[in-house]
Amino acid sequence: MKKIMLVASIFGSLVFAVYASGNGGEQALAKKGGDLFATKGCTACHTIGKGKLVGPDLKGVTKAMTTKWLEAWLKDPSKMLKTDKHAQALQKEYGLPMPNQNLTDEDIHALISFFKANDQAKK
Ligand code: HEC
């Protein structure tokens, strides 16, 4: 019985590895973004599709905003709050500036890929 379990789990991870690489990096990137969203503290202030918390619900954010805007925002929210009208309007609505999250470019790409995957999955 143990042997069967072992073979099954090895087979399972092989299938997963082939699946992940076959889908290009995109699927893996979105998954990484999902992990970051949970571990970087975003969930303290944001939900995706479960309503407003301290900050806006991020469902549909990749449809409302361009990738370029999202990159600039995640890179340096405080800089955007000085110059960007949409960011300023949000700050007025939510009553606090989103703190800088110290994300790397790689983190930012993964997070945006995660938001996009979500926006494509559920309408
Ligand atoms: C302390 C609370 C807080 C944390 C933590 C936080 N945010 Fe925010 N976020 C906000 C607030 C508040 C806004 C609205 C703009 C403002 O007031 O600065 C916002 C705005 C945004 C927007 C723009 C939303 C729109 O409708 O255009 C995105 C995208 C975003 N946050 C992503 C993230 C991600 C990703 C993380 C984690 C890496 C994160 N936020 C962590 C509070 C937070």
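Tabulated values for the structure
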{"quantity": "Close pairs (8 angstrom Cβ cut-off, 6 or more residues apart or separate chains): closer than 10 Å to F115 by Cβ in the range 49-63, within 9 Å of the ligand (Cβ to nearest atom) and not aromatic (F, W, Y) anywhere", "calculated": "L58/H46; V61/L70; T62/L70; T62/I112"}
{"quantity": "Single match in A72, A117, A20 (criterion: modelled with pLDDT under 95 and in contact with a Lys or Arg (Cβ under 9 Å, 6 or more places away or on another chain))", "calculated": "A20"}
{"quantity": "Matching entry among D107, D119 (being surrounded by 10 or more Cβ atoms within 10 Å (Cβ to Cβ) and within 16 Å of D35 (Cα to Cα))", "calculated": "D107"}
{"quantity": "Residue in the range 66-78 that is near the ligand (Cβ under 8 Å from one of its atoms), part of a helix (DSSP H, G or I), hydroxyl-bearing (S, T, Y) and farther than 19 Å from A30 by Cβ present", "calculated": "no"}
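The values are calculated or read from the model by the stated rules, or taken from the named source; none is laboratory data. All values derive from a computational prediction rather than experimental measurement. Neighbour counts run over all protein chains shown; Cβ positions are idealised from the backbone, glycine included.
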